[in-house]
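Participant: Here's a structure for you.
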Amino acid sequence: MNFTNTDIKNLKDKKYRRDNGLFIVEGDKFCLDLKKYKVEIVYTITTDKTLNNMPNIEVVSEKMFNSLSSTVTSQNIICVCKIKNHKMASNGNALILDNLQDPGNVGTLVRSAVAFGFNDVYCVGGADPYSDKVIRSSAGTILEAKIHICTFEEIKKNKKLIANNFMVADMDGENINKLKPPQGKIAVIVGNEGQGVSEEFLNLADTKVSIPMAPSVESLNAGVAGSIIMQKLSDIN
């Protein structure tokens, strides 16, 4: 399967990735992780003439490679990969991202989710989890997580399959430090950076929790707040 330079450049666009079911991974470390997490590689671009352990390798000049790369520092390898489609059902705890716009927050939350055992991540609107910025900010953990790109309606319809308890952060919620974790699977909902959790998800939530903090601080960054909640609910010691 061959790709033109235009194809590779187009994969930096969210719609093109979605329409073709493909995304790009850059860098030696992340590309090596692809096999570990059983991500299908369909095409490999590199400047390394000795590389022989990747599928469908094309060796290009450094100038050509740099024109295709998203990073300032050359990574030497780019892999075009298939986006996995996962069934909408969690084997354990889950994270729901409600229209988060900042790729850095999305990457941070995916990294925290994997660290604390929230391996199913449901993305409703917002930044594309398969963008290069999210992949880098997640430190590659996006490859390990089970990513579901879906709508609110799909989550509502499959709520019982996803978790037994949907939990959202709210100023009037129960102190997370004093909360007795509910039985069964938990889905933590993290809302948009500016608007917070949507009214739809607030109404869907079974439990509301608050994070105690100094009176001088009104709120926490979405990535920080979601990470704290997941850590508090984690059974990883």
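Participant: In what order, largest first, do Met230, Met88 sit by accessible area if the probe radius is 1.4 Å?
Facilitator: On the way: Met230 0, Met88 40 Å².
From most accessible down to least: Met88, Met230.
Participant: Under Stokes-Einstein, with the Kirkwood radius over Cα pairs standing in for Rh, what whole-number D in µm²/s applies to the range 178-237 at 4 °C and 1.567 mPa s? Don't skip to the end; give the middle numbers.
Facilitator: Working: Rh = 13.0 Å.
Answer from the Stokes-Einstein relation: 100 µm²/s.
Participant: Keeping all protein chains in place and using 1.4 angstrom, which order do Ser210, Ser219 fall into by accessible surface area, from largest down? Let's see the in-between values first.
Facilitator: Values: Ser210 20, Ser219 80 Å².
From most accessible down to least: Ser219, Ser210.
Participant: Find the relative contact order for the range 61-191 and round it to a whole percent, using C-alpha pairs within less than 8 Å whose residues are 6+ positions apart. Walk me through the intermediate numbers first.
Facilitator: Numbers: 207 pairs, mean separation 36.7, N = 131.
So the answer I get is 28 percent.
Participant: Now a separate question. Which value, in Å² and to the nearest 10, is the accessible area of Cys81 when all protein chains are kept and the probe is 1.4 Å?
Facilitator: Number for this one is 0 Å².
Participant: Also: Mean separation of Cα pairs under 8 Å and 6+ residues apart, divided by the residue count of the range 1-114: what relative contact order is that in percent? Don't skip to the end; give the middle numbers.
Facilitator: Numbers: 123 pairs, mean separation 31.7, N = 114.
In percent, rounded to a whole number, it is 28.
Participant: From the square roots a ≥ b ≥ c of the eigenvalues of the alpha-carbon gyration tensor of the range 132-223, which class results: rounded (a/c under 1.5), prolate (a/b over b/c), or oblate?
Facilitator: On the way: a/c = 1.61, a/b = 1.14, b/c = 1.41.
Oblate, because a/c is 1.5 or more while a/b does not exceed b/c.
Participant: Another question about this same structure. Taking all protein chains together and a probe of 1.4 Å, list Asp235, Asp33 from the most accessible to the least accessible.
Facilitator: Working: Asp235 130, Asp33 20 Å².
In descending accessible area the options line up as Asp235, Asp33.
Participant: So what's the convex hull volume per residue for the Cα atoms of the chain, in Å³?
Facilitator: On the way: hull volume 32.3 nm³, N = 237.
Taking only Cα atoms, the chain has a hull volume of 136 Å³ per residue.
Participant: Under 12 Å from the Cβ of Lys208, count the other residues' Cβ atoms, weight Lys and Arg +1, Asp and Glu -1, and hand me the total. Write out the running numbers ahead of the final one.
Facilitator: Values: positive: none; negative: Asp170, Asp172, Glu174, Asp206.
Cβ neighbours under 12 Å give a net charge of -4.
Participant: Could you give the alpha-carbon Rg of the range 19-113 over 2.2 N^0.38 Å, rounded to two decimals?
Facilitator: Values: Rg = 15.6 Å, N = 95, 2.2 N^0.38 = 12.4 Å.
Computed over Cα atoms of the range 19-113, the ratio equals 1.26.
Participant: To continue, here is another question. What percent does the relative contact order of the chain come to when contacts are Cα pairs within less than 8 Å and at least six residues apart?
Facilitator: Details: 444 pairs, mean separation 43.8, N = 237.
The normalised contact order for the chain reaches 18 percent.
The values are calculated or read from the model by the stated rules, or taken from the named source; none is laboratory data. Bear in mind that the values here come from a model prediction, so they are computed numbers and not experimental data. Cβ sites come from the backbone with ideal geometry, for glycine too, and all protein chains shown count toward neighbours. Only protein heavy atoms, including side chains, enter the accessible area calculation; ligands, DNA and RNA are left aside. Shrake-Rupley method; radii C 1.70, N 1.55, O 1.52, S 1.80 Å.
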